[in-house]
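Asker: Structure provided below as structure tokens; questions to follow.
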Amino acid sequence: MVEWSESQIVPISAISHHLYCPRQNALIHTEGVFSDNTLTISGNIGHQFVDEEKSYLDHGLRKETSYRVFSEEYGISGIADIIEFPPDAPPLPIDYKNGKISSWENQESQVCAIALCLEEMLEVKITIGAIYHIQSKKRHEFTIDDSLRQKTIQAIQEIRNNLMNNIVPKAEYSKRKCDNCSLYSLCLPKLDSSKQNKNIFTPVDFNG
């Protein structure tokens, strides 16, 4: 196994942020910048159920909330919202997310990273993960296949490189992603994109 220094360990929570927007993730995890909006606040409220570390039985099914996971092979660590332990099947990692049912590969990769940890910790093979959508109260299950695993591992490597080298990617405005982002007013993606188009982009200095 690789011996990782503390600064090389990638937080699993960074994976979803990075695949959604590398700049958003760098602002949060490299620059320490974060701001709530109505979406993040409502998500935090809905997330409270799984924020307490506990083990319980639900109709005979063992469940663990705030389950700590790690992987020495990939140098990642974090906390899984819920892990279900069926008696006749591998553990099922479930992540709680705000919003209605949708298929966002960035969220699936975060669950995949948890699966990689569980496989190493418990010596099992996990092929199914799930996302529980707080607003719709429905579960979206998906296959943890080779393609998702490769995407997740690549994201881990990219995040580690950005963290180790203090890289904050330039802004690239996307209406679908940017307009609901809680960091919009700090990132200023439209302004930065405009400057990039004119080749006069100046990075925002959050340390000054």
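Asker: Do we find a residue being in contact with a helix residue (DSSP H, G or I) (Cβ under 8 Å, 6 or more places away or on another chain) and over 19 Å from ASN25 (Cβ atoms) anywhere in the stretch 107-123?
Answerer: No, the stretch 107-123 contains no residue that is in contact with a helix residue (DSSP H, G or I) (Cβ under 8 Å, 6 or more places away or on another chain) and over 19 Å from ASN25 (Cβ atoms).
Asker: Quickly run through the stretch 1-24 and pick out the residues that are without any contact (Cβ under 8 Å) to a residue 24 or more places away in the chain and of a type in the set (S, T, N, Q).
Answerer: Within the stretch 1-24, just SER5 meets the criteria.
Asker: Cβ-Cβ distance below 8 Å, separation of 6 or more or different chains: which pairs start in the stretch 54-66 with a residue that is closer than 13 Å to PRO86 by Cα and end on one that is among the aliphatic types (A, V, I, L, M)?
Answerer: LYS63/LEU57; LYS63/ILE82; LYS63/ILE83; GLU64/ALA80; GLU64/ILE82; GLU64/ILE83
Asker: Still on this model: Restricting to the stretch 154-173, give me the number of residues that are out of contact with any Ser or Thr (no Cβ under 8 Å at 6 or more places or on another chain), without any contact (Cβ under 8 Å) to a residue 24 or more places away in the chain and outside any helix (DSSP H, G or I).
Answerer: Residues flagged as out of contact with any Ser or Thr (no Cβ under 8 Å at 6 or more places or on another chain), without any contact (Cβ under 8 Å) to a residue 24 or more places away in the chain and outside any helix (DSSP H, G or I) within the stretch 154-173 amount to 1.
Asker: Moving to a separate point now. State yes or no: is ASN180 outside any strand (DSSP E or B), surrounded by fewer than 19 Cβ atoms within 10 Å (Cβ to Cβ), touching a residue at least 40 places away in the same chain (Cβ under 8 Å) and in contact with a Ser or Thr (Cβ under 6 Å, 6 or more places away or on another chain)?
Answerer: For ASN180, the condition - outside any strand (DSSP E or B), surrounded by fewer than 19 Cβ atoms within 10 Å (Cβ to Cβ), touching a residue at least 40 places away in the same chain (Cβ under 8 Å) and in contact with a Ser or Thr (Cβ under 6 Å, 6 or more places away or on another chain) - is not met.
Asker: Any idea which residue in the stretch 94-153 is farthest from GLU72 (Cα to Cα), counting only those that are outside any helix (DSSP H, G or I) and without any contact (Cβ under 8 Å) to a residue 12 or more places away in the chain?
Answerer: LYS137
Asker: Kindly check whether there is at least one residue in the stretch 15-31 that is surrounded by 14 or more Cβ atoms within 10 Å (Cβ to Cβ), in a strand (DSSP E or B) and modelled with pLDDT of 80 or more.
Answerer: No, the stretch 15-31 contains no residue that is surrounded by 14 or more Cβ atoms within 10 Å (Cβ to Cβ), in a strand (DSSP E or B) and modelled with pLDDT of 80 or more.
The values are calculated or read from the model by the stated rules, or taken from the named source; none is laboratory data. Note that this is a predicted model, so its numbers are computed, not measured. All Cβ positions, even for glycine, are placed from backbone atoms using ideal geometry, and neighbour counts span all protein chains on display.
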